[in-house]
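Here's the structure we're looking at; comments come further down.
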Amino acid sequence: MSAAADSFLERAPLELRDWAVQLLPAPLQWISHHLITIVAVLAVFGLFFAFTTVAERKLLGRLQNRLGPNRAGLPKFSILPWHIRHKLFGLSQPFADAVKALTKEDIVPAAADKVLHFLAPVVVVGFSLMTFAVLPFGRNLIPVELDAALLYFFAAGSASELAIFMAGWSSRNKYSLLAAMRALAQLISYELPLILSVVPVVLVASTLSTSAIVQAQGAWTFGVLPHWFVFTPWGFAGFIIFLISALAESNRSPFDLPEAESELVAGHLTEYSGFKYALFFMAEYFGLTALSGLGVTVFLGGWQAPCELLYWVPSYLWFMGKLILMIMLFIWVRGTLLRLRIDQLTRLSWQFLVPLALLNVGNAAFWALTAQWSGPLQLVRWAVSAAIVIVPFLVIGRSLSAGYAPRTYRYAP
Amino acid sequence: MTPLHLCLLISTALFCIGLFGALARSNTILVLLGIELMLNAANINFIAFWRYGPNPAAANGMIFVLFSIAVAAAEAAVGLALIIAVYRHQKNIRLQEATVLKG
Amino acid sequence: MTAALLLIAVLMLGSAAAAMLRRNLIHSALLLVASWTGVAAFYLWAGAEFVAFAQILVYAGAVSMVVLFAVLLTRQSREADLPIEPATVTRTASAFAVAASLAAVIGSAVATARFPAASAEAPAASVKQIGLELMAEHGAALLIVGIVLTVALIGATVIASNDKKRDPEDAP
Amino acid sequence: MLGSGIIKGLAVTAKNFLGSYHDPARMVTVEYPEQPTVLPEAYRNFPFLISEDAADPMGTLRCVSCQICEKECPPQCIVIEKSKDKKPDATGKPQLYPLTFNIDISVCMSCQICVEVCPFDAIKMDKVFEVAVTNRFDGLLLTRDQLAKPNSYYHDIHPAEAAEVDERLAAERKAAEEKAKAAAAAKAAAAAAKATPTPKPSDGPTEASAKGGTAA
């Protein structure tokens, strides 16, 4: 096992960085060490963002029996054979979009607060990128090893709320301001269940450090059943709550009220165009990726392999694979569910997610207290823990849906 | 001058800025924010004394700041709720005009 | 080290002073967020990671939101940020005098004070240590803070909520 | 149970996703430039002029430059200049013809009024919609040469309508020929009857009504 941990592939990114650092003159080495990490994260997740957008559009298309973008290929002057040049499966779509966004006119409303109007997209991108600093991408790949990493993650993530407010207020547009207020109400409502859903993991792993949380999930029963937190009753409940809150935190469908174009034009983005709009768009995807990365780290075992036999596969590949699966899940949900109304949205958070998440913290405490139970007691432990999840879910679910007849749809089975 | 002196001077300056704001502005929200600044200045002192005090191994200074932050958050929430309640009665949040005791 | 501290201090104090002088309430609130972030940077500088992140989470994430909501909910019009009328000039001047004299008193006191020598090494306070101390030694205080926060939350909701009966039509 | 609807919905979209790869019947997208769309027969876009003979389009335009369409066109996108001389048309009758016939299709609103008012079935609606050009002023101003298209083309794009028009025109021509014949016979009869001084008052009105019928 330690041989696998030290294998060449596992160490390759670090070796590459060290090799690049020693090429530079000595006085620059201490800073370039960090700069290279930053550049690597930016490059990897910048490209990841680009291809997430095209993957999202293609996947959404397929979910709705459409083709999705498949046109943007290479420019005409390229010397590649025709059939490659022609379409390339639309993979160069994000680059075409980037060129379009960059060359568009940047319009600032005359009455806008110019400074804040400019600062908002910068702040939102900056802080959403900062959250990547504490995600362990691989066994040896974590940009900053922090003791209070989870707290850092949520602290950096909370700044995006400010940016949305700045964008909405500085536009001097009633739609923007209304949308910003709605977005804030949504983000504040869902920050609570988001953090509460992670607290059980902190409780059981007894650490706030992301790399230590991943370490705590690194074992297998019989070599095939990974000890990821999602495979425990409280972990599963926490994961579901985390998924719902992460969807809401990243303003994605079905919680995309802040940008509900049919109600609010385009929300706080109404007065943004060109590159600034692209920055907001980018920040949204960075936020989504970071939250997915956190979900992978906290619940899905981070860079751990799913079974012992596959331990030799480099850890960062596992992380990226799980991250892609998470994002595909988000896209799938987006392609399926309808947008909620604002009162339904806040009700879902305060009456459903928060109580369940609070109970889940108690559930995790029970789990941590009964860590010594074994044999048949283990079964009791699982049964009790599952009951703490399922019974409140059924009770709250029944009370929430009381008074509604089952819906019927004319065009759906 | 030791770093501790510097930290204390900085916190003094922050405290006095907060005091000035609380005294000079007539908008209730700004008064509340000035008080928040003063609380922050006190927190800076706690951290400075913890960092440069005789016994940094004990985390008392940090824990005190954590409690202080929690209480400040509660204060802000209640204070702003009061402001909204006052506004609902008077349609105004200027301090000079909040002269009527009966709502 | 000192240069970094001075930079943080300039950011923190500058934005705080600007916040207290601006006419525009929203600008004031946002500048105060910058100031609070500066305080968090100071905590980071001093090695109190956990407190710094808690500061950002609570102040930049929560208090600022409450403040901005309050500003927007209580603002009648854009004229609300008109210049202060002449009557408050004396008030500003006296406030400045009070603040400045207090600054002078505390400043001189601090400048002449002598403190025991600090330990050279930055103290390493892990999150685990803080957690253990919070739960063991300060357990009662933690409980009381929890109760205070809960009471404050409920109180704030009760104070700010409208007394009018909800229209039953509103319920979905 | 709360949430069962969500799972059902997710199953539906998952089925769509998988089905989109192995069931081409699900996909409704038409990949346009490669896969041409089949336009409905009643589709119309911009007007064109019908000529009888593809070999000599300018010589056999049905248009007699009566300028009704020019006057009726709501956005006034038609410009016609009459010829000075006359040329025989398909029936051999000497008619005026358009020296200039311009339609500005950047102004045209495809209302089809020109088609409806034309007494000679000379202007019809086209189906060509890929008219984009790089010059938006001269490029979109179609001249007589660009507008003239043979009758066979009309049959290609609107078969039913064209057949109906041809039938009607043929009937009219036949009627006109018969009238002409009848007129010639009447003339001959009149010439023969010149010997007898009986007047024939019904001749003039008959000819007038025949003309009216042709025009309608």
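Here are a few things to note about the model shown:
- Rounded to the nearest 20 debye, the dipole magnitude of the range D:1-137 is 340 debye, with +1 charges on Lys and Arg beta carbons, -1 on Asp and Glu beta carbons, and the Cα centre as origin.
- Longest to shortest principal axis, alpha-carbon extents of the range A:106-395, angstrom: 71, 44, 33
- Two-decimal Rg to Rh for the range C:1-76 - Kirkwood Rh, Cα set: 1.04
- Tilt relative to chain B, helix B:60-90 - C-alpha long axis, 0 to 90 degrees, to 10: 10
- Taking the convex hull of the alpha carbon positions in the range A:130-214 and averaging its projected area over all directions gives 6.0 nm².
- Two-site FRET efficiency, D:Val115 against C:Thr90, from Cβ-Cβ distance with R₀ of 56 Å, rounded to 0.05: 0.10
- Fully extended contour minus Cα-Cα distance, from A:Leu309 to A:Gln29, at 0.36 nm per residue: 96.9 nm
- The fewest-to-most ranking of A:Leu309, D:Leu140 by surrounding Cβ atoms within 10 Å reads A:Leu309, D:Leu140.
- Relative exposure of C:Leu13, D:Leu39, judged by other C-beta atoms within 10 Å (fewest first): D:Leu39, C:Leu13
- Judged by the ratio a/c of the largest to the smallest principal axis of the C-alpha gyration tensor, the range A:79-190 counts as oblate, that ratio being 1.5 or greater while a/b is no larger than b/c.
- Average Cα contact separation per residue, chain D, under 8 Å, 6 or more apart, as relative contact order %: 20
- Here r is the Cβ-Cβ distance between A:Lys174 and B:Ala57 and R0 is 56 Å; the resulting FRET efficiency, rounded to 0.05, is 0.50.
- Using θ = phi - 60° in the Karplus curve 6.51 cos²θ - 1.76 cosθ + 1.60, the 3J(HN,Hα) couplings for the range D:137-151 round to 9, 6, x, 9, 9, 7, 9, 3, 5, 6, 7, 6, 9, x, 4 Hz; x is entered for Gly and Pro.
- Where only alpha carbons of the range A:264-328 are counted, the Rg and the Dmax (Å): 16.7, 53
- Added length on full extension, which subtracts the Cα-Cα distance from 0.36 nm per residue, D:Met1 to D:Thr29: 6.4 nm
- When the range A:177-325 is described by a simple charge dipole with +1 on each Lys and Arg Cβ and -1 on each Asp and Glu Cβ, the residue from A:Thr270, A:Leu178, A:Ile240 located farthest towards its positive end is A:Ile240.
- Global form of the range B:3-90, assessed from the alpha-carbon gyration tensor, a/c cut-off 1.5: oblate
- With viscosity 0.692 mPa s and temperature 37 °C, the Kirkwood radius over alpha carbon pairs of the protein assembly as shown converts through Stokes-Einstein to a diffusion coefficient of 96 µm²/s.
- Here is what passes the span test in chain A: the DSSP H helices with alpha carbon length of 30 Å or more along the helix axis and a Kyte-Doolittle mean of 1.0 or above are A:26-63, A:149-170, A:174-205, A:274-298, A:315-336, A:376-401.
- Between the range A:201-257 and the range B:10-86, the C-alpha centres lie 35 angstrom from each other.
- Distant-in-sequence amide H partners of D:Gln95 (H built 1.01 Å from N, under 5 Å): D:Lys87, D:Asp89
- Among the trypsin sites (Lys or Arg not before Pro) in the range D:82-164, those placed in a DSSP loop whose Cβ has at most 14 other Cβ atoms within 10 Å are D:Lys84, D:Lys86, D:Arg136.
- Cα gyration tensor, chain D - rounded (a/c under 1.5), prolate or oblate: prolate
- Along the axis of the charge dipole computed for the range A:106-395 (Cβ charges of +1 for Lys and Arg, -1 for Asp and Glu, origin at the Cα centre), the listed residues A:Gln344, A:Gly375, A:Val123 are led at the positive end by A:Gly375.
- Helix B:28-52 and the longest principal axis of the Cα set of chain B meet at an angle near 10°.
- Separation of the A:Ile342 and D:Val12 label points, Cα + 7 Å toward Cβ, nm: 2.8
- Shielding by partners, peptide B:28-37 (average Cβ within 10 angstrom, other chains): 6
- Simple Cβ-charge dipole of the protein assembly as shown, Lys/Arg +1 and Asp/Glu -1, about Cα centre, in debye nearest 20: 1020
- Positive-end extreme of charge dipole, the protein assembly as shown - chosen from D:Ile80, C:Met20, B:Pro3 (charges on Cβ): D:Ile80
- Average beta carbon contacts from partner chains per residue of A:201-212, 10 Å cutoff: 2
- Charged-residue dipole, Cβ positions (Lys, Arg, Asp, Glu), chain A about Cα centre, Debye nearest 20: 1360
- Take the Cβ atoms of D:Val38 and D:Gln76, set R0 to 25 Å, and the FRET efficiency comes out at 0.15.
- Axial C-alpha extent at least 24 Å, average Kyte-Doolittle at least -1.0 - helices from chain D (DSSP): D:4-22, D:159-193
A short reminder: the numbers here are calculations on the coordinates, not readings from a lab. This one's a predicted model, so the numbers in the text were calculated from it and none came from an experiment. Glycine also receives a Cβ, built like all others from the backbone with ideal geometry; neighbour counts cover every protein chain displayed.
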